[in-house]
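Novice: The structure that follows is given in the form of structure tokens.
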Amino acid sequence: MAGKLFGTDGVRGVAGEFLTAGLALALGRAATRRTGAEHPQVLVIRDTRESGEMLQAAAPLLIRRYGFDLAAVLSASHNPYRDNGIKFFAGDGYKLSDETELAIERELELTDQRPIGRVRALRGAAEDYLRELHTRFSELDLSALDVLLDCANGATHHVAPEIFRRLGANVTVTGAKPDGRNINAGCGSTHVGTLAEAVVAGSHALGFAFDGDGDRVLAVDRRGEVVDGDELLALAALHLRDRGRLGGNGVVVTVMTNYGFHAAMEREGVSVASTSVGDRYVLEELRARDWMLGGEQSGHIIEMGFNRTGDGIASALLTLEALAGRDLCERDAMQKLPQRLVNVPVRDRDALGRAQGVEEAIRSAALQLAGRGRVLVRPSGTEPLVRVMVEAPSEQEAADVCERLVGLVRRELG
């Protein structure tokens with residue numbers, strides 16, 4: 001069974017089919033045993049989907065505040081309501097290591113049927129989280145800001161508007177009426193186009209779109225242009241660097257991060273380390289290097305000075321702190337390169353490493369774009385797909401190089 005349940009972000013699947021009550025109970029027992037505590041105290045929090053009401057970003061903060069031994073977050077993040085998931089945080093506020101997750105899976109075969117313990121409500125947790133946010137961003141004055149928030153009918157639907165209002169903003173909110181089934185449904189960071197249209201139609205200064213469990217955020221400027229995690233991270237990096245708070249003078253990103261980010265950080269003298277896709281790998285690298293900031297293009301941003309996981313609300317406020325009253329349209333931290341990404345269905349995604357013709361074409365394309373862009377061709381971790389991504393100085397060049405590589409992958413592996 002080892003290695004078959006935990007993915008890059010916990011155990012996730014269709015509620016009631018893969019993720020059953022029995023599996024959830026077994027995971028809870030196994031994870032609790034792994035804490036080593038005689039009478040472990042476990043924090044359980046959830047998003048708004050009917051199968052799972054709180055906020056993933058609050059978990060590390062609440063663990064430290066109350067001294068819990070373990071936290072279990074019931075959420076499937078940006079997935080539809082039918083899915084759910086379980087992700088664990090250890091007593092130090094960090095997600096469990098791969099080794100610990102494997103150990104939990106091995107323990108699932110044990111037949112211990114002892115009751116897990118008593119359940120009691122933790123009152124005031126949302127206010128604790130809001131207080132932490134207000135303390136961190138106490139100098140941020142949003143009294144002149146007209147902002148639109150899309151809360152994805154998810155975990156941020158109460159706390160996000162509340163903290164923006166406490167900081168003085170004029171707040172308009174969408175996606176803030178969860179009914180257990182409408183989480184991420186045509187709203188939130190996975191449908192940011194809806195927010196873009198609403199920002200322009202309402203003449204708002206900018207907008208932020210969160211995902212269902214609140215660990216990621218994307219922004220929209222007043223012209224309706226989407227500002228992804230790469231640009232938000234670039235703004236944050238230079239801001240924290242200028243304030244002397246960019247520990248290690250470096251940023252951790254993933255292989256999907258735009259080449260323009262790398263070019264901008266090199267120009268500014270900020271080091272960059274790249275990892276595989278997944279915020280857990282970003283976090284692992286941050287811990288290994290003792291750096292403070294990292295994130296993904298999707299909007300996962302981790303500022304270790306505040307939290308130990310992606311926190312969409314804190315990331316939105318950090319963006320505004322970095323802007324220091326400027327219009328988001330005036331952002332200049334990086335210049336994004338045009339990007340073309342195509343997912344190519346293949347018979348065997350692992351065959352990519354044995355396709356010599358494809359490898360030679362990738363090397364040739366990389367040399368063509370050396371110093372100007374980049375090529376990334378990689379197999380999907382979960383599906384029979386090969387992802388072909390090309391970034392180049394112009395849309396046309398990116399499209400041409402990508403089309404050439406996609407055609408070759410289809411012929412060789414399709």
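The values are calculated or read from the model by the stated rules, or taken from the named source; none is laboratory data. Every value quoted in this text rests on a predicted model; they were computed, and no experiment measured them. Virtual Cβ from ideal backbone geometry, glycine too; neighbours counted across all protein chains shown. The area values use the complete protein model at the heavy-atom level, side chains included, leaving out ligands, DNA and RNA. Shrake-Rupley method; radii C 1.70, N 1.55, O 1.52, S 1.80 Å.
Novice: If you go through the range 203-249, how many residues are under 20 Å from Glu285 (Cα atoms) and over 19 Å from the mean Cα position of the chain (by Cα)?
Specialist: 8
Novice: Have a look at Gly168, Gly124 and point out the one that is open to solvent by less than 60 Å² (accessible area, probe 1.4 Å), modelled with pLDDT under 95 and out of contact with any strand residue (DSSP E or B) (no Cβ under 8 Å at 6 or more places or on another chain). Reasoning before the result, please.
Specialist: On the way: Gly168 fails: modelled with pLDDT under 95.
Exactly one residue qualifies, and that residue is Gly124.
Novice: May I ask you to verify whether Val388 is at pLDDT 95 or above, farther than 17 Å from Val255 by Cα and either buried (at least 19 other Cβ atoms within 10 Å of the Cβ) or under 25 Å from the mean Cα position of the chain (by Cα) (or both)?
Specialist: On the way: at pLDDT 95 or above: yes; farther than 17 Å from Val255 by Cα: no; either buried (at least 19 other Cβ atoms within 10 Å of the Cβ) or under 25 Å from the mean Cα position of the chain (by Cα) (or both): yes.
So Val388 fails the test.
Novice: Further question on the same structure: Can you confirm whether the range 258-281 contains a residue that is crowded, with 22+ Cβ neighbours inside 10 Å, modelled with pLDDT of 95 or more and among the β-branched types (Val, Ile, Thr)?
Specialist: no
Novice: Would you confirm, using the coordinates I've provided, whether Met292 is open to solvent by less than 20 Å² (accessible area, probe 1.4 Å), under 21 Å from the mean Cα position of the chain (by Cα) and among the aliphatic types (A, V, I, L, M)? It would help to see each step written out before you state the result.
Specialist: Values: open to solvent by less than 20 Å² (accessible area, probe 1.4 Å): no; under 21 Å from the mean Cα position of the chain (by Cα): yes; among the aliphatic types (A, V, I, L, M): yes.
It is false that Met292 is open to solvent by less than 20 Å² (accessible area, probe 1.4 Å), under 21 Å from the mean Cα position of the chain (by Cα) and among the aliphatic types (A, V, I, L, M).
Listed here are the residues, each with its yes/no results for (1) open to solvent by less than 10 Å² (accessible area, probe 1.4 Å); (2) touching an Asp or Glu at 6+ places or on another chain (Cβ under 6 Å).
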site: Ala185; (1), (2): no, no
site: Thr194; (1), (2): no, no
site: Asp215; (1), (2): yes, no
site: Val252; (1), (2): yes, yes
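Novice: Out of all the residues in the range 181-199, is one or more over 18 Å from Gly224 (Cα atoms), at pLDDT 95 or above and among the basic types (Lys, Arg)?
Specialist: Start the filter on the range 181-199 by keeping residues that are over 18 Å from Gly224 (Cα atoms), which leaves 181-185.
Checking the rest, the ones that are also at pLDDT 95 or above come to none.
The answer is no; no qualifying residue exists.
Novice: Something else about it: I'm checking my understanding of the structure. Among residues of the range 142-165 that are of a type in the set (Gly, Ala, Ser) and surrounded by 17 or more Cβ atoms within 10 Å (Cβ to Cβ), which one is farthest from Leu130 (Cα to Cα)?
Specialist: Step one: list which residues in the range 142-165 are of a type in the set (Gly, Ala, Ser), which gives 143-144, 152, 154-155, 160.
The next check asks that each one be surrounded by 17 or more Cβ atoms within 10 Å (Cβ to Cβ); those that pass are 152, 154-155, 160.
Values: Ala152: 19, Gly154: 16, Ala155: 13, Ala160: 9 Å.
Checked the range 142-165; the qualifying residue farthest from Leu130 (Cα to Cα) is Ala152.
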